[in-house]
Amino acid sequence: MRRILVDSIKGSEKLARDIVNDNGTIIIATGTVLKKQYIERLKELDINYIYVEDELSEGVDDEQIQELLIQDQCLTSVKEIIDRYSYQEVDELIEIKKIAEEIIRDILKEPEIMFNIYGIRKKSESIYSHCINVCSLSVLIAIRMKLPRTKIRDIAVGSLLHDIGYNLVSFDYMDSIFNNCSKEQQKELMSHVIDGYSLLIRESWISVSSKDIILCHHERLDGSGFPFHKKADKIKIGSKIVGVCDEFDSKVYGHLEPKMKVHDTIRYLINQSGIKFDPDVINAFKDSIAYYPNGIGVITNEGETGIVLRQNPRKPARPVIRMITDIQGNKYNYWLEKDLTKYTKIAIWDTIEL
């Protein structure tokens, strides 16, 4: 199975997962052979990606894709809880703690797993998927940094709620780029940290550390962040971790920022280690993320193309790939698998749509 953009449908692919609308109604069922005519209709329904089984996806390890596993389990629950809270059913927000514990348990089962992230999601699920991704990755980093379980729990709760203040933004910002917004709009967007903190300050079941994450996840080591321009050790570890994960997911998915590829975003964050982001957090982060997610197309420094089959947990930039075309662009007529930890002269040059 692999995830592809709707625009990439060529026809003849077999659907690997039901396509559903925002009401949960199945539009196209698993197993359906797709047609190019479906493209415009799916785009009208704000469906930008689908999952397919085809020749290229053979052998892709979808069980290794942590983002998909956790999203499947938590997305509906998180959306319902936060939506109910938005309609003043405040008492039910405490259910977020259960989701946080589920995510922690899932990751503790496989703490060495690489977090695969795709960079494709529907507008309607954006803010909820963002919070779940930030939580999952923050928990994984906290575990790898060997933080106490109570601290990990605080980080999980705080990261699930870190952007709740966006619910008070008065305009539709989902397709906006922050730097292109008016000064008034930028000010309102930046106030989401204060607004979120203010919404939850009286909630006694949320720890002080979790509330700090909601308030301070945009603070940066060099003082360039907001709302208080805190520096270095003045920023708590939970906010440092969530700050990295929030920045990563926002750039990969183009949330208020120009969209970047996964591997480029990872390199950006590594370059900012010790400047904007805590080096210990970045070290744990770069060992936790798949530079090239399972199922994505790649081109090597030798000009061959391939698809990522699975990850090498201790070498996040050196996955196992199946070669599709050779240097001359000729398609391989046999299965050729290359583990880049063994083919040391080969490197992935870029990702491509297949």
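Throughout, read-outs are computed from the coordinates displayed, never taken from laboratory work. All values derive from a computational prediction rather than experimental measurement. Virtual Cβ from ideal backbone geometry, glycine too; neighbours counted across all protein chains shown.
Details
- Relative intensity, log₁₀ I(q)/I(0), of the range 122-228 from a Debye sum that treats every alpha carbon as a point, q = 0.11, 0.14, 0.15, 0.23 Å⁻¹: -0.37, -0.60, -0.69, -1.35
- Dipole size of the chain about its Cα centre, with +1 on Lys/Arg Cβ and -1 on Asp/Glu Cβ: approximately 980 debye, rounded to the nearest 20.
- Listed residue (Ser138, Asn271, Gly254) projecting farthest to the positive dipole end of the chain, Cβ model: Asn271
- Degrees, to the nearest 10: 149-160 long Cα axis against longest axis of the chain: 80 degrees
- The range 92-180, Rg to Rh (Cα coordinates; Rh as Kirkwood inverse mean 1/r): 1.01
- Per principal axis, descending, Cα span of the range 210-300 in whole Å: 43, 26, 22
- Compared with the alpha-carbon gap, the fully stretched path from Ser8 to Asp326 is longer by 112.3 nm at 0.36 nm per residue.
- Estimated purely from DSSP H runs of n ≥ 4, each contributing -39500 (n - 2.57), the mean residue ellipticity at 222 nm for the chain is -12000 deg cm²/dmol once divided by its residues.
- Cβ-based net charge around Ile296, under 10 Å, with every Lys or Arg adding one and every Asp or Glu removing one: +2
- Mean projected area in nm² (Cα convex hull; one quarter of hull surface) for the range 248-296: 3.5 nm²
- Dimensions (Å) - the range 303-354, Cα atoms, principal axes, largest first: 32, 21, 20
- Here's the picture: a label point sits 7 Å out from the Cα of Leu168 along the beta-carbon direction, and within the range 129-159 the residues with their amide nitrogen under 20 Å of it are 131, 158-159.
- Estimated distance in nm for a label pair at Ile270 and Lys234, the labels positioned 7 Å out from Cα along Cα-to-Cβ: 3.1 nm
- Unit charges at the beta carbon, dipole of the range 151-285: most positive-side option, His162, Gln186, Ala284: Ala284
- Rough spin-label spacing in nm, given labels placed 7 Å along Cα→Cβ, for Ser204 and Trp349: 6.3 nm
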